[in-house]
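Shown next, in structure tokens, is the structure this report addresses.
The values are calculated or read from the model by the stated rules, or taken from the named source; none is laboratory data. All values reported here derive from a predicted model rather than from experimental measurement. We place every Cβ from the backbone using ideal geometry, glycine too, and count neighbours over all the protein chains shown.
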Amino acid sequence: MVEQLRLEQVGTPEFLDSFYSVLSNAIRRNALQYLLTNQDPVSVDRLALELAAIEHGESAEAVTSEHQHDLRMLLTHVHLPSLTDAGVVTWDREREQVTLTPLLDQLSVTGSTMNGLPELSISPRSETSH
């Protein structure tokens with residue numbers, strides 16, 4: 001289980017462990033990327049469709065219902081609970097809607113490579129950078 005990410009913990013080993021855990025899976029990374037570029041709430045079905053398209057390298061129109069169903073099952077049973085527990089998305093199970101929380105908007109995340117290994121720098125975003 002992923003611990004909830006909180007701004008007051010930015011830079012601590014616990015925060016970084018949780019953040020890396022969230023980003024350790026391609027489906028979660030793609031879901032966050034999709035939600036970051038499409039700021040409106042999205043249905044679980046739409047998110048599954050878009051992620052299946054990304055996973056299979058095809059357009060959303062070309063995704064089979066089987067691929068969409070498989071991604072929907074993975075989302076609802078594995079990845080959305082993890083993203084919700086981490087505090088980066090809100091998942092309304094009744095309405096089947098997923099929304100980003102403001103947490104990622106409040107972080108400045110930069111990446112670099114050090115000795116061939118990826119390294120992230122995470123800090124609270126200053127008010128002047130908005």
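Among the residues that make up region 74-82, is at least one of them under 14 Å from residue 31 (Cα atoms), surrounded by 13 or more Cβ atoms within 10 Å (Cβ to Cβ) and in contact with a Ser or Thr (Cβ under 7 Å, 6 or more places away or on another chain)? Taking every residue of region 74-82 in turn, none turns out to be under 14 Å from residue 31 (Cα atoms), surrounded by 13 or more Cβ atoms within 10 Å (Cβ to Cβ) and in contact with a Ser or Thr (Cβ under 7 Å, 6 or more places away or on another chain). The residues in region 32-58 that are within 12 Å of the chain's Cα centre (by Cα) and modelled with pLDDT of 95 or more can be counted, and the count is 2. Restricting attention to region 31-56 and to residues that are in contact with a helix residue (DSSP H, G or I) (Cβ under 7 Å, 6 or more places away or on another chain) and small (Gly, Ala, Ser), the residue that is surrounded by the fewest Cβ atoms within 10 Å (Cβ to Cβ) turns out to be 53. When restricted to residues that are crowded, with 16+ Cβ neighbours inside 10 Å and either modelled with pLDDT under 95 or in a loop (DSSP other than H, G, I, E, B) (or both), region 86-95 contains 4. Kindly indicate which of 83, 74 is modelled with pLDDT of 95 or more, of a type in the set (A, V, I, L, M) and either touching a Lys or Arg at 6+ places or on another chain (Cβ under 9 Å) or assigned to a helix (DSSP H, G or I) (or both). The match here is 74. Within region 43-71, being assigned to a loop (DSSP other than H, G, I, E, B) and not charged (D, E, K, R) holds for 57, 59, 63, 64. For region 22-30, the count of residues that are exposed (fewer than 15 other Cβ atoms within 10 Å of the Cβ), out of contact with any Leu (no Cβ under 9 Å at 6 or more places or on another chain), basic (Lys, Arg) and modelled with pLDDT of 85 or more is zero.
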